[in-house]
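The values are calculated or read from the model by the stated rules, or taken from the named source; none is laboratory data. Since we're looking at a predicted model, the values are computed, not measured. All Cβ positions, glycine included, derive from the backbone under ideal geometry; neighbour counts span all protein chains shown. Note: accessible area is taken over every heavy atom of the protein model, side chains too, but ligands, DNA and RNA are not part of it. Shrake-Rupley method; radii C 1.70, N 1.55, O 1.52, S 1.80 Å.
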Amino acid sequence: MIAIAGIAGSLRQGSYNRALLRAAAELMPEGAVMNVLSIDAVPLYHGDVEAQGIPTPIATLKQALAGAAGLVLVTPEYNNGIPGVLKNAIDWMSRPAADIPRVFGGKSVALLGATPGGGGTILAQVAWLPVLRVLRMKLWTAQGPFYVSGAAKVFDASGLIDAELRERLRKYMAAFVEHVRAQAG
Ligand code: FNR
């Protein structure tokens, strides 16, 4: 069984990005599971707090990601960049830096995002590139980027309702899992 970790970068209950991650988890192929990791309990990064030890919610997230074969990162876009809550969570998880190879290193990442706007989180996804590079992650690009624009039309309270998008997501997740499986040998 291939275990993939999933992180969505919004704290909002009705978040489109959380809903997109939930849909990805539902649409995982046979032989793979998605472990959806919550960033709700992540405090603001604080070096003095770190000096006293990594807080339990961060240690838990690090452990979960370290045990996963790949990562699905679902990013909102704020002011054409990365939302602070998501960057903050990843920043905490990168501490101490000596753990980066164990937690992130060499791991394949599928990057997706949803917005009610027309740009589909293009700029937020680009803004992740230098972060993924320094974390030594491998951005999976074989199927191209996964953008969801006009989110209000394709999600409702039950989740992702657009049949075409669900089918595209199902194929995207299947291809990502196939890639991760091939990498794992
Ligand atoms: C936004 N939003 C937004 N959307 C976008 O496509 N490009 C952008 O640059 C921004 N900028 C932005 C800044 C700030 C501070 C907020 C709060 C929002 C809108 C954003 O896409 C929208 O709120 C989404 O619904 C956020 O994602 P979740 O919470 O639905 O997952």
Give all pairs with beta carbons closer than 7 Å in which a residue from region 148-172 that is under 11 Å from Tyr16 (Cα atoms) and in a helix (DSSP H, G or I) meets a residue that is among the β-branched types (Val, Ile, Thr) and within 16 Å of the ligand (Cβ to nearest atom); count only pairs at least 6 apart in sequence or on separate chains. Ala151/Thr115; Val154/Val148; Val154/Ile161
Kindly provide the set of residues from region 96-147 that are within 25 Å of Asn79 (Cβ to Cβ) and basic (Lys, Arg), ordered by number. Arg133
Subset of region 81-97 that is farther than 30 Å from Ile161 by Cβ and of a type in the set (D, E, K, R) - its residue that is least open to solvent (accessible area, probe 1.4 Å): Asp91
Given the condition crowded, with 20+ Cβ neighbours inside 10 Å and of a type in the set (Val, Ile, Thr), answer yes or no: does some residue in region 24-39 qualify? yes
Does Val49 count as touching a strand residue (DSSP E or B) at 6+ places or on another chain (Cβ under 7 Å), more than 15 Å from the ligand (Cβ to nearest atom) and free of Cβ contacts under 8 Å to residues at least 40 places away in the same chain? no
Taking the conditions exactly as written (away from the ligand (no atom under 12 Å from the Cβ), out of contact with any strand residue (DSSP E or B) (no Cβ under 7 Å at 6 or more places or on another chain) and under 30 Å from Glu167 (Cβ atoms)), does Glu26 satisfy them or not? yes
Tell me whether region 29-36 contains one or more residues that are away from the ligand (no atom under 16 Å from the Cβ), at pLDDT 95 or above and out of contact with any strand residue (DSSP E or B) (no Cβ under 8 Å at 6 or more places or on another chain). yes
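One line per residue, one yes/no per condition, for (1) of a type in the set (Phe, Trp, Tyr); (2) modelled with pLDDT under 95; (3) surrounded by 14 or more Cβ atoms within 10 Å (Cβ to Cβ); (4) under 30 Å from Pro43 (Cα atoms):
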site	(1), (2), (3), (4)
Asp99	no, no, yes, yes
Lys107	no, no, yes, yes
Ala110	no, no, yes, yes
Ile122	no, no, yes, yes
Val131	no, no, yes, yes
Val148	no, no, yes, yes
Ala152	no, no, no, yes
Arg168	no, no, yes, no
Tyr172	yes, no, yes, no
I'd like to know if region 71-79 contains one or more residues that are under 25 Å from Arg168 (Cα atoms), among the charged types (D, E, K, R) and either open to solvent by less than 30 Å² (accessible area, probe 1.4 Å) or within 10 Å of the ligand (Cβ to nearest atom) (or both). yes
Restricting to region 120-146, count the residues that are among the small types (Gly, Ala, Ser) and touching a helix residue (DSSP H, G or I) at 6+ places or on another chain (Cβ under 8 Å). 1
Check on Gly150, within 13 Å of Ala24 (Cβ to Cβ) and within 16 Å of the ligand (Cβ to nearest atom): no
How many residues are assigned to a helix (DSSP H, G or I) and over 14 Å from the mean Cα position of the chain (by Cα) if we restrict to region 1-59? 10
Within region 7-23, identify whether any single residue is within 16 Å of the ligand (Cβ to nearest atom), more than 21 Å from Asn88 (Cα to Cα), of a type outside the set (S, T, N, Q) and surrounded by 14 or more Cβ atoms within 10 Å (Cβ to Cβ), and answer yes or no. yes
